[in-house]
Amino acid sequence: MSYFPFFKEIEGASSLIVGGGRVALRKAEKLLPYGPRLTVIAPEFLPEFREMDVTLVKRRFHNFDITPNLEFVIAASDDEKQNEQIYLLCREQNIPVNVVDKPEYCTFIFPALVKKGNLSVGVSTSGASPSAAVWLKEEIEEILPNNIEEILEWLHAQRVIVKGQIEAEEARSRCLKRLFQLCMEEGAPLSDEQRNQVIGMERSRYEK
């Protein structure tokens, strides 16, 4: 089965992780940069959890912990029967659920993830080869400029400027593409002069 790579806004989303061990910790570390409201339930927690912006509930999981307001749930305990029960409860309430190391009990999965500012790249082999997904992730990280966050912020700001100076949608698209290409070649945002040259070339091309 292949998983379609939806990108979902989870800032402020109520979410639950069941488990306080190393696997649960890795899931929390991946999620927290995206701003969800994470509750973690477990009888015991690794010390690192106490340094995180999460709500810790130190007890065993109960069925009533699965509530309709949850936007997703991760079952990462060392109790396989409990994890399966969490999956069934979530399915009954149409809550997205991930049971670690059990693809058949997942309605969503965690990709190998590259995150740099507004850039998020997820790589998945649908469980065929996690090693391949990690290798591709590392290759992507290698080719990205160190300041890709700054470049993307600059490009975002140029959209309004380009839209105000180039009327035709096709010409705007070409201009923005060229600005991106030049940023990648330079490894940095362009100067105002460089930007204006690109805009001028596209305007001249369009007006002809």
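The values are calculated or read from the model by the stated rules, or taken from the named source; none is laboratory data. Everything numeric in this text was worked out from a predicted model, so none of it was measured. Reconstructed Cβ throughout: ideal geometry from the backbone, glycine too, with neighbour counts over all protein chains shown. When the accessible area is computed, the model is the full protein with side chains, heavy atoms only, and any ligands, DNA or RNA have been set aside. Shrake-Rupley method; radii C 1.70, N 1.55, O 1.52, S 1.80 Å.
Go through the residues of region 108-118 one by one and say whether even a single one is open to solvent by 60 Å² or more (accessible area, probe 1.4 Å), closer than 30 Å to Gly200 by Cα and within 16 Å of the chain's Cα centre (by Cα).
The answer is yes, given that some residue of region 108-118 is open to solvent by 60 Å² or more (accessible area, probe 1.4 Å), closer than 30 Å to Gly200 by Cα and within 16 Å of the chain's Cα centre (by Cα).
If you scan region 185-208, which residues turn out to be open to solvent by less than 70 Å² (accessible area, probe 1.4 Å) and in a helix (DSSP H, G or I)? Let's see the steps before the verdict.
Within region 185-208, the first condition is being open to solvent by less than 70 Å² (accessible area, probe 1.4 Å), and the residues that meet it are 187-191, 194-195, 198-200, 202, 204.
Answer for region 185-208, where residues must be open to solvent by less than 70 Å² (accessible area, probe 1.4 Å) and in a helix (DSSP H, G or I): Gln194, Arg195, Val198, Ile199, Gly200, Glu202, Ser204.
Filter region 126-147 down to residues that are open to solvent by less than 60 Å² (accessible area, probe 1.4 Å), over 16 Å from the mean Cα position of the chain (by Cα) and at negative phi, then give me how many there are. Give the derivation first.
First, the residues of region 126-147 that are open to solvent by less than 60 Å² (accessible area, probe 1.4 Å): 126-127, 129, 132-133, 137, 140, 144-145, 147.
Right, trim to over 16 Å from the mean Cα position of the chain (by Cα) and you get 126-127, 129, 132, 144-145, 147.
Subsequent filtering for residues that are at negative phi retains 129, 132, 144-145, 147.
Count: 5.
Where the second residue is open to solvent by less than 50 Å² (accessible area, probe 1.4 Å) and in a strand (DSSP E or B) and the first is touching a residue at least 12 places away in the same chain (Cβ under 8 Å) and hydroxyl-bearing (Ser, Thr, Tyr) and lies in region 106-121, which pairs have Cβ atoms under 8 Å and are six or more apart or on separate chains?
Thr107/Val97; Thr107/Asn98; Ser120/Leu113; Ser120/Val114
In region 68-85, which residue that is in a loop (DSSP other than H, G, I, E, B) and more than 20 Å from the chain's Cα centre (by Cα) is nearest to Ala42 (Cα to Cα)? Break it down stepwise before answering.
Of region 68-85, the ones in a loop (DSSP other than H, G, I, E, B) are 68-71, 76-79.
Next cut, more than 20 Å from the chain's Cα centre (by Cα) only: 68-69, 77-79.
Details: Pro68: 20, Asn69: 20, Ser77: 8, Asp78: 10, Asp79: 11 Å.
Looking at residues that are in a loop (DSSP other than H, G, I, E, B) and more than 20 Å from the chain's Cα centre (by Cα), I get Ser77.
Which residue is nearest to Asn118 (Cα to Cα), if the candidates are limited to region 150-184 and must be among the acidic types (Asp, Glu) and either at pLDDT 95 or above or not in a helix (DSSP H, G or I) (or both)? First the steps, then the outcome.
Restricting attention to region 150-184, the residues satisfying the condition of being among the acidic types (Asp, Glu) are 150, 153, 167, 169-170.
Narrowing the set further to residues that are either at pLDDT 95 or above or not in a helix (DSSP H, G or I) (or both) leaves 150, 153, 167.
On the way: Glu150: 10, Glu153: 8, Glu167: 27 Å.
If we take residues in region 150-184 being among the acidic types (Asp, Glu) and either at pLDDT 95 or above or not in a helix (DSSP H, G or I) (or both), then Glu153 is nearest to Asn118 (Cα to Cα).
Answer yes or no as to whether Phe72 is of a type outside the set (Gly, Ala, Ser), open to solvent by less than 70 Å² (accessible area, probe 1.4 Å), closer than 18 Å to Val100 by Cα and in contact (Cβ under 8 Å) with a residue 60 or more places away in the chain. Give the derivation first.
Details: of a type outside the set (Gly, Ala, Ser): yes; open to solvent by less than 70 Å² (accessible area, probe 1.4 Å): yes; closer than 18 Å to Val100 by Cα: yes; in contact (Cβ under 8 Å) with a residue 60 or more places away in the chain: yes.
So Phe72 fits the description; yes.
For region 86-99, name all the residues that are outside any helix (DSSP H, G or I), surrounded by fewer than 20 Cβ atoms within 10 Å (Cβ to Cβ) and either basic (Lys, Arg) or under 20 Å from the mean Cα position of the chain (by Cα) (or both).
Of everything in region 86-99, just one residue is outside any helix (DSSP H, G or I), surrounded by fewer than 20 Cβ atoms within 10 Å (Cβ to Cβ) and either basic (Lys, Arg) or under 20 Å from the mean Cα position of the chain (by Cα) (or both), namely Pro96.
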